[in-house]
1. Restricting the first residue to region 57-77 and requiring it to be part of a helix (DSSP H, G or I), which pairs with a second residue that is of a type in the set (Ser, Thr, Tyr) and surrounded by 12 or more Cβ atoms within 10 Å (Cβ to Cβ) meet a Cβ separation below 7 Å and a spacing of at least six or different chains?
2. Name the single residue, out of those in region 116-128 being of a type in the set (D, E, K, R) and assigned to a strand (DSSP E or B), that is surrounded by the most Cβ atoms within 10 Å (Cβ to Cβ).
3. Could you please find all residues in region 93-110 being surrounded by 13 or more Cβ atoms within 10 Å (Cβ to Cβ) and in a loop (DSSP other than H, G, I, E, B)?
4. For the structure I just gave you, tell me whether Lys113 is surrounded by fewer than 13 Cβ atoms within 10 Å (Cβ to Cβ) and not in a helix (DSSP H, G or I).
5. Within region 78-127, work out how many residues are more than 15 Å from Leu53 (Cα to Cα) and either of a type in the set (Gly, Ala, Ser) or out of contact with any strand residue (DSSP E or B) (no Cβ under 7 Å at 6 or more places or on another chain) (or both).
6. Let me confirm something: among Leu74, Leu53, Leu82, which residue is at pLDDT 80 or above, surrounded by fewer than 14 Cβ atoms within 10 Å (Cβ to Cβ), among the aliphatic types (A, V, I, L, M) and not assigned by TED's automatic domain parsing to the domain that holds Tyr27?
Amino acid sequence: MTRKNPAAVALGKRGGRALLKERGPEYFAELQAKRKTNAGGRPSIYGPLVEHLSSPVYAKRVKITLTRSVIDDLGGKSFPRLAWNDPAWWSQSDSRQYRTLLKAGWKAHTDSKTLFEDGEITFVRVKK
């Protein structure tokens, strides 16, 4: 059973209007800004991969192939198991990983053989 934080429960009961009166609209604007930059939440596991691909070393490259061990070592956290079991995981246009890579100017291109047998993923630069 999940234990709820008593302070969060009390705050939730008061509702947004009471908080608005107490803290003002700036408080909610600050929260929204943190959500957009992920500064107030969990760090993204995709951030280190994007930083790696955006490094000056790869500035002129249009294609980069990375191994699973390199990708997992970048952030200190492993990617979900599905990332290594299903090539479609990297190319689902409605997924966070796809949007994050695309925003950084990259797209993952992989197939079953390279992903399963070789443990490699190729990233291709896309035009912004």
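1. Asp72/Ser78
2. Filtering region 116-128 for residues that are of a type in the set (D, E, K, R) and assigned to a strand (DSSP E or B), the one surrounded by the most Cβ atoms within 10 Å (Cβ to Cβ) comes out as Arg125.
3. Ser95, Ala104, Gly105, Thr110, listed by residue number.
4. no
5. Qualifying residue count for the region: 25.
6. Residue meeting the stated conditions: Leu82.
The values are calculated or read from the model by the stated rules, or taken from the named source; none is laboratory data. For clarity, every value in this text was computed on a predicted model and none was experimentally measured. Positions of Cβ are generated from backbone atoms using ideal geometry, with glycine treated the same way; all protein chains shown enter the neighbour counts.
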